[in-house]
Each structure stands twice: as structure tokens, then as C-alpha cells.
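**Student:** Below: one structure in C-alpha cells.
The values are calculated or read from the model by the stated rules, or taken from the named source; none is laboratory data. Not measured: the values here are computed from a predicted model. Cβ atoms come from the backbone with ideal geometry, glycine included; neighbour counts cover every protein chain shown.
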Amino acid sequence: MSIETRTAERRAPVSAAADAERWEVTRNACIVCSPLGATIVFAGVERGMTLLHGSQGCATYIRRYTISHFREPLDVASSSFTEESAVFGGANNLRIALANVVKEYKPALVGVATTCLAETIGEDAASVRGALGLGADGFAKSADADAPLVVAVSTPSYRGSHRDGFRAALRALAEATNPKNANATTGAETGKADFSSFSAETRSAPFPSTVAVFPAMISPADIRSLKAIFEAYGLDPIFATDYSDTLDGGPWKAHRLLPEGGTPVASLSRMKGAAASVEMGAGLSPELSAALYLETAHGVPRKSCGLPIGVEATDAFLASLEAVSGKPMPRSIAAERARLLDSYVDGHKYVFGKRALLYGDVDFVEALALFLREIGIEPVFPEGEGRDFFQAEAAARQSAADGKPVDIVIGSSKGYKTAGKLDVPLVRIGFPVHDRFGGQRMRSLGYGGTQELFDRIVNALIERRQEDNHVGYTYY
Ligand code: SF4
């Protein structure tokens, strides 16, 4: 078959009418499970274990789905509802499950996340705490020294996505490890609740070089990059969840119940004495903001920022690190920035004037939109929350009708059908990336991560031009 025939076949248009005849029951399965996000957070705590309050199938689904992205084993326990528990309540199952988890895994933290079923019968986080006899800080009064911290979080999926579950778990962790009545020097006496007026000289925090970090649902590789950036400024970051090793570690010589790595519970408890906190993401509601909790309960100034993708966003992020550390940008990072700018110049002719369809978690969509505009690509968004592929395809068709067809799709693996229908390349980013290898190692944050993302976008566009060129290989 000739290249021309293959290209013509691939480019055969799918009409809106033909598409409308196809009914897809599932429009975007990847965003609906809120306890999935909580599970990832608890996996980033040293010897952290998730116990799902609900039916066993939820634990299986979450394990299967999470492993497909991270390619690491992940145990998730369940209170294993039966028909009887669904009718008469699952408190007894929960107590037995917690005892089993503590006995078998000896965890330092058990994160109890509620599933849709448990929430539907009224067994939310408060009910879980009551059933387990926990105080607001997660410790039972009679707990011995080796007892794990138990954190309960409400994560009904009909109230939020995996992103909301992730945020809710971060907030629950911050509250449980830094309770309001903690008898500790908090630094709250400085009254510095506004990060913009913060300076290293004016705040006397117990841990002056420590920064509490509340990331979005980013890749393990990006967590490693961010840690290196903080350290380059002489800062000591405490990531409220650090799954850079637990969900992306080396091979084991013998089976382990819990992987090595993660933020120790004792470190989480030091967040109240941090010089500042940094919270990444878009449009966080106050009740899901862990940084807001630290600020109001302990006076830790917070910096809320979008994901640092692109030069402008990374500049803003690093300016806040300069304010906390009192140090200018390290030379190694300045060199990375210079290389990125140079590549923008080199790659301009490939990207300028192109259009990209964006979808997925709002944290990524907002940050990517800024970045794309920075490099000369016009973003196209679906209506609504930006997660529905039916709406995404409608937005692309409208753009084409306006004489501006989409050239590339950027988002998670779930957009592969949409990209196929539009016959444009898909650049995978965010969660999940499970139809390609290495999703856990994809970087997009900071100058270095932006560089990798920029290269991937440019190469995807070049590759498509090359495929469509009847001459075959040529210089571009
Ligand atoms: S918690 Fe809800 S969305 Fe998640 S697997 Fe269970 S039923 Fe499905």
C-alpha cells in the first residue's frame, strides 16, 4: 500500500452525523473515582496504607488503575462490605479491617477513604472516626506508642473526581498531623498570613528553611525535580505526599508489604513550624486547601500557584522560593532557563499558529493553556469542566468550522480515541498515561520539565508532517 493511500485512509473524515449515531456510555471513566486520588496521597507517606471503607471491587479497581500508570505494586485494603453491611452498616467490618491491616502491615499511617457505597448509607469520615473511637487528630485515646496514625477522609465519587479526593486527603493529613490545639511554637504570632509580603527576615519560624509543599497529582519524576529545585535554594521541603520512591522505585530482592520511601509522619507534624507553604493547582476551594488550613491554624504563610509549566509560570514559582530563602536563582537553574528560551526560538517555526485541544484535570489544563500561549499555540477547550470527550470533540469541530482546525491534542491517555477521530497526534500528559510506557517518569514542571514537554510537542508535530510527506524523510 502506498504512503498516499495509507494517509488518505487514515485521514478519512468522521462526520459529526456518523459520530452522533455512536452512543458511548462511558465518556470519561478516568476522573470519576475520588478515593483513587486519596490512595495516591496515602501511598506518599512513609509506611502509609489505604483502607477503603466500602466494597472490595473499589479496591481492586483502584489498584488495577493506579498500577497501570505507575507500574508499581500497590496494596489497598477494604472493609469489604457485604449485602448485610450495605443495609445495616459497615462499622464492624471497618474495625475488623483496621485491626487486620495494623497486624499484617504494621503501618505508620492508615488512611481510611470512604467509597460511594459507604457514603450513600451515611458512613462518612465523621462516622468512620466515631466507629474507630478516634479524636480529630486521628489517634485513639488508648493508643500505644506504636499505634499508627489513622486519618479518615470523605471521598464520595459523586461529589468529586480523583483530583478532589487527592486534595481532600492532603487536607485531612495536614489537619491530623498538625492539629489546631498542638502545643507547639507555631510562628503564628508573626501574623504573616500574606505570602506576598513575606520575607525570610520578618518571619521567625521554628524551622526557618522548611517549606510545606502541597503538590497536585503530578508524576513521581516531577516530585523529584521539585525537590531538587527547593534544595538548590537551600530549602528543606516537606512534601505532604511524596510518592517519588513508593510509586516509582527500584526492584525488590524479596517481597515487601509496603515499599520504602514516602514522607515520615513525624515530618508531616513539622509542617506547622515551616517558614511557608506552597500549594500547587488551580481553583482550589477553601475547604480542600491544606495550605489555607496551615495558615489559619498555625500562621504559616502560603503561596498558591498554578503548576509551573512554561517560563512565566516557573519564574513566578521560583520568585517565591527566592523570597523564602533569600537567595537568588542558582546558576544551574538559570542555565536551564536559558536553554529553554533558546529552544523556544529554535522550535518557533514548528509551533507558532497551531491549535491544541486541551482536556483533563483543571490543574494541568490551566497551566498548559498559559504555556501554550507562551509558545504561540492557541488552546481550544471543551465546554463545561473540560473532562467530557464528547464536548472536547464538539469544541474541535467548532474550531474547524471556524477555519481553525486542531493540529494536536494534549491530555491523558484517555484522549486517544478523540485524537484518532480528529486525525491529529496526541501528546500524553497528566493522569492516567497507561497506553504508553513511562507515564510515571514524564516531566513537565520547572524549566527542565517544560523543556521535555516542549520537545515532545514539537516532535509530535514534526512526526505528523513527516508521515504525511510523500517524499518520506527530509529535514524540517
Ligand atoms: S469509590 Fe465509587 S467510583 Fe470509585 S470504584 Fe468505588 S464505586 Fe467506583
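**Student:** List the number of the failed condition for residue 54; all other conditions in (1) away from the ligand (no atom under 12 Å from the Cβ); (2) in contact with a Phe, Trp or Tyr (Cβ under 6 Å, 6 or more places away or on another chain) hold.
**Tutor:** Failing condition for residue 54: (1).
**Student:** Evaluate the following for residue 370: is it under 27 Å from residue 217 (Cβ atoms) and in a strand (DSSP E or B)?
**Tutor:** No, not satisfied.
**Student:** Test of understanding: among 138, 44, 133, which residue is free of Cβ contacts under 8 Å to residues at least 24 places away in the same chain and not aromatic (Phe, Trp, Tyr)?
**Tutor:** 133
**Student:** Quick one: residue 76 ticks every box in (1) touching a Cys at 6+ places or on another chain (Cβ under 9 Å); (2) touching a residue at least 40 places away in the same chain (Cβ under 8 Å) bar one, so which box is it?
**Tutor:** (2)
**Student:** Residue by residue through the range 62-77, note down the ones that are part of a helix (DSSP H, G or I), within 12 Å of the ligand (Cβ to nearest atom) and surrounded by 16 or more Cβ atoms within 10 Å (Cβ to Cβ).
**Tutor:** Matches in the range 62-77: 62, 63, 65, 66.
Each row is one residue, and each column tells you yes or no for (1) within 16 Å of the ligand (Cβ to nearest atom); (2) basic (Lys, Arg); (3) at pLDDT 95 or above; (4) not assigned by TED's automatic domain parsing to the domain that holds residue 282.
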{"site": "96", "(1), (2), (3), (4)": "no, no, yes, yes"}
{"site": "110", "(1), (2), (3), (4)": "no, no, yes, yes"}
{"site": "115", "(1), (2), (3), (4)": "yes, no, yes, yes"}
{"site": "124", "(1), (2), (3), (4)": "yes, no, no, yes"}
{"site": "135", "(1), (2), (3), (4)": "no, no, no, yes"}
{"site": "152", "(1), (2), (3), (4)": "yes, no, yes, yes"}
{"site": "169", "(1), (2), (3), (4)": "yes, no, yes, yes"}
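**Student:** Go through the range 255-308 residue by residue and tally those that are buried (at least 21 other Cβ atoms within 10 Å of the Cβ) and among the hydroxyl-bearing types (Ser, Thr, Tyr).
**Tutor:** Total satisfying the criteria: 4.
Rundown of residues vs (1) in contact with a Phe, Trp or Tyr (Cβ under 8 Å, 6 or more places away or on another chain); (2) β-branched (Val, Ile, Thr); (3) farther than 27 Å from residue 279 by Cα; (4) outside the structural domain of residue 391 (by TED's automatic domain parsing), yes/no style:
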position: 320; (1), (2), (3), (4): yes, no, no, yes
position: 325; (1), (2), (3), (4): yes, no, no, yes
position: 341; (1), (2), (3), (4): no, no, no, no
position: 354; (1), (2), (3), (4): no, no, yes, no
position: 359; (1), (2), (3), (4): yes, no, no, no
position: 364; (1), (2), (3), (4): no, no, no, no
position: 369; (1), (2), (3), (4): yes, no, no, no
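**Student:** Does the range 418-444 hold any residues that are closer than 20 Å to residue 362 by Cβ, part of a loop (DSSP other than H, G, I, E, B) and among the small types (Gly, Ala, Ser), and which are they?
**Tutor:** Selection gives 430, 444.
**Student:** For the range 157-166, which positions are closer than 23 Å to residue 177 by Cα, surrounded by fewer than 24 Cβ atoms within 10 Å (Cβ to Cβ) and either outside the structural domain of residue 122 (by TED's automatic domain parsing) or within 10 Å of the ligand (Cβ to nearest atom) (or both)?
**Tutor:** none
**Student:** Do we have any residue at all in the range 304-312 that's at pLDDT below 95, of a type outside the set (Asp, Glu) and assigned to a helix (DSSP H, G or I)?
**Tutor:** Scanning the range 304-312, I find no residue that is at pLDDT below 95, of a type outside the set (Asp, Glu) and assigned to a helix (DSSP H, G or I), so the answer is no.
**Student:** Here's a follow-up. Within the range 392-407, restricting attention to residues that are surrounded by fewer than 23 Cβ atoms within 10 Å (Cβ to Cβ) and not in a helix (DSSP H, G or I), which residue is nearest to the chain's Cα centre (by Cα)?
**Tutor:** Checked the range 392-407; the qualifying residue nearest to the chain's Cα centre (by Cα) is 407.
**Student:** Further question on the same structure: Out of the residues in the range 137-150 that are buried (at least 19 other Cβ atoms within 10 Å of the Cβ) and either on the phi < 0 side of the Ramachandran plot or β-branched (Val, Ile, Thr) (or both), which is nearest to the ligand (Cβ to nearest atom)?
**Tutor:** Filtering the range 137-150 for residues that are buried (at least 19 other Cβ atoms within 10 Å of the Cβ) and either on the phi < 0 side of the Ramachandran plot or β-branched (Val, Ile, Thr) (or both), the one nearest to the ligand (Cβ to nearest atom) comes out as 150.
**Student:** Also: Does residue 45 satisfy being near the ligand (Cβ under 9 Å from one of its atoms) and either at pLDDT below 95 or buried (at least 24 other Cβ atoms within 10 Å of the Cβ) (or both)?
**Tutor:** no
**Student:** Something else about it: What tally of residues in the range 318-367 results from selecting those that are farther than 23 Å from residue 457 by Cβ, part of a helix (DSSP H, G or I) and without any contact (Cβ under 8 Å) to a residue 60 or more places away in the chain?
**Tutor:** 3
**Student:** Being more than 18 Å from residue 38 (Cα to Cα) and hydroxyl-bearing (Ser, Thr, Tyr) narrows it down to one residue among 114, 82; which is it?
**Tutor:** Matching residue, one of 114, 82: 82.
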